[in-house]
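The values are calculated or read from the model by the stated rules, or taken from the named source; none is laboratory data. Please read these numbers as outputs of a predicted model, since none were measured by experiment. Quick reminder, even Gly has a Cβ in these numbers, built from the backbone with ideal geometry, and neighbours come from all protein chains shown.
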Amino acid sequence: MLVAAKTMPALQYINKIIRDREISKTYYAIVVGKFPEHLLIDKPLEKSFNEKFKRGQTVVSERYGERAVSECRNEKTIQHPIL
């Protein structure tokens, strides 16, 4: 599901509930190769700016990062018949 705001008050409300962690976010990815049934990633992350590519990025930083936990689960396995 994609959440979008049509007005500035709606955008501010969406930002508030995300910031206050009143809503959960789920990301889906297509993975090639073997993936474990369950994986927990617990690494401190820091937001920074990449001068070379002129864009923001998130990097693992043991020194300055904030705790971030990601839980990964293998929801469905689909294998191509030829493989």
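Miscellaneous remarks
- Qualifying positions in the stretch 48-59 - surrounded by 10 or more Cβ atoms within 10 Å (Cβ to Cβ) and within 25 Å of residue 1 (Cα to Cα): 57, 58
- The stretch 1-46: number of residues that are touching a residue at least 12 places away in the same chain (Cβ under 8 Å), closer than 22 Å to residue 59 by Cβ and either surrounded by 11 or more Cβ atoms within 10 Å (Cβ to Cβ) or hydrophobic (A, V, I, L, M, F, W, C) (or both): 7
- Selection count where residues are part of a helix (DSSP H, G or I) and modelled with pLDDT under 90, scope the stretch 3-38: 2
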